[in-house]
Amino acid sequence: MGRTEWDHNAWYHHLLLRQVPAGAQRVLEVGCGAGSLARRLAAVVPRVDAIDRSPEMVAEARRLAPHNLALHLADAMDVDLPAGAYDAVVSSSVLHHLPLAHTLPRMAGWLRPGGVLAAVALPRIDLPRELPVELAATTVHHGLGLAFASLRPVTGAALFRHEPSHDVMPIAEPTLTAREVRRRAAAVLPGVRVRRLVLWRYLLTWRKPL
Ligand SMILES: C[S@@+](CC[C@H](N)C(=O)[O-])C[C@H]1O[C@@H](n2cnc3c(N)ncnc32)[C@H](O)[C@@H]1O
């Protein structure tokens, strides 16, 4: 991997953290990978559950888990979680692995009324419509990649360096554009919002009606 490559998932973890309602007591992360977002959630929320279907990822996440982060080896498609229990259900770069029509209602079912579903995932590139955002993404990716690579030796900070587990992290190619995601999500979660983000991601947010 080139020295100017960096972790776009980690870049958007902060955006997901900002979607968690103030005062949230219990949050679920779906598809936690090596657990970096789950650990950040556990720093601000008293109780965090995180699931992933990869034994390697769950083992890696467990290595650094704080006491208030419970990690479960489980598949989001059939895991049995308590209904209406979570103030937020979040997910980073996982939705494009899953069939939306089945997954989104399951995630919504785990939320308490008023709870928030927030997911960042990969869209399929939508050309020519999204050409401007593609050009912006390439520019931002290389610009920040160079800046991070130059600053790491000086600051000693990781600055969105890929974690060692990155090479074995399960990935999937996105099959839906952001527009298609918006249409399919709205069919099962009325009021859902899907916003295309610059760095080859979209943000899906939905608040469960009271
Ligand atoms: C690209 S990684 C993202 C990991 C992490 N969320 C991050 O932001 O770095 C996708 C993760 O989703 C998990 N995953 C995919 N399908 C899943 C499913 N049906 N149930 C649970 N986890 C799943 C994979 O095992 C993998 O760890």
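On each of the three principal axes of the Cα atoms of the chain, give max minus min coordinate, whole Å, ordered largest first.
46, 44, 31 Å, listed from the longest principal axis down.
Sort the following peptides by mean Cβ neighbour count (other Cβ atoms within 10 Å, averaged over residues), highest first: 134-143, 47-56.
Result, highest mean first: 47-56, 134-143.
Which value in Å does the Kirkwood hydrodynamic radius of the range 43-105 take, with 1/r averaged over all unlike C-alpha pairs and then inverted?
13.0 Å
Taking the Cα centre as origin and putting +1 on Lys and Arg beta-carbons and -1 on Asp and Glu beta-carbons, what dipole magnitude results for the chain, to the nearest 20 debye?
740 debye
At 30 angstrom or more along the helix axis (alpha-carbon based) and mean Kyte-Doolittle of 0.0 or higher, what helices does the chain contain? Whole DSSP H runs only.
131-155
Would you mind counting up the charge near ALA24? Only other residues with Cβ under 15 Å from its Cβ, with Lys and Arg at +1 and Asp and Glu at -1.
Charge balance in the 15 Å sphere: +4.
What's the ranking of 151-164, 89-102 by average number of surrounding C-beta atoms within 10 Å, highest first?
Highest mean packing first, the order is 89-102, 151-164.
Packing-wise, with mean Cβ within 10 Å as the measure, how do 20-33, 60-73 rank, highest first?
The packing order, highest mean first, is 20-33, 60-73.
Could you tell me the center-to-center distance, by alpha carbons, between the range 120-150 and the range 36-79 in angstrom?
Measuring centre to centre over Cα atoms gives 29 Å.
Report, by chain and number, residues whose modeled amide H sits under 5 Å from the one on ALA121, excluding near sequence neighbours (fewer than 5 apart, same chain).
It is SER93, TYR202, LEU204, by chain and number.
Quick one: order TRP6, TRP200 by neighbouring beta-carbon count within 10 Å, fewest to most.
Going from least to most buried by this count: TRP200, TRP6.
Suppose we keep just the alpha-carbon trace of the range 1-114; what are its Rg and Dmax in angstrom?
13.7, 45
Can you check what the net charge comes to around ALA158, using other residues whose Cβ is under 12 Å from the Cβ of ALA158 (Lys, Arg +1; Asp, Glu -1)?
0
5 Å is the cut-off here: which amide hydrogens, built 1.01 Å from N in the peptide plane, fall below it relative to TYR86, excluding neighbours closer than 5 in sequence?
LEU111, ARG112
Values quoted throughout were computed directly from the atomic coordinates according to the rules given, and no laboratory measurement underlies them. Please read all numbers here as calculations on a predicted model, not as lab measurements. Virtual Cβ from ideal backbone geometry, glycine too; neighbours counted across all protein chains shown.
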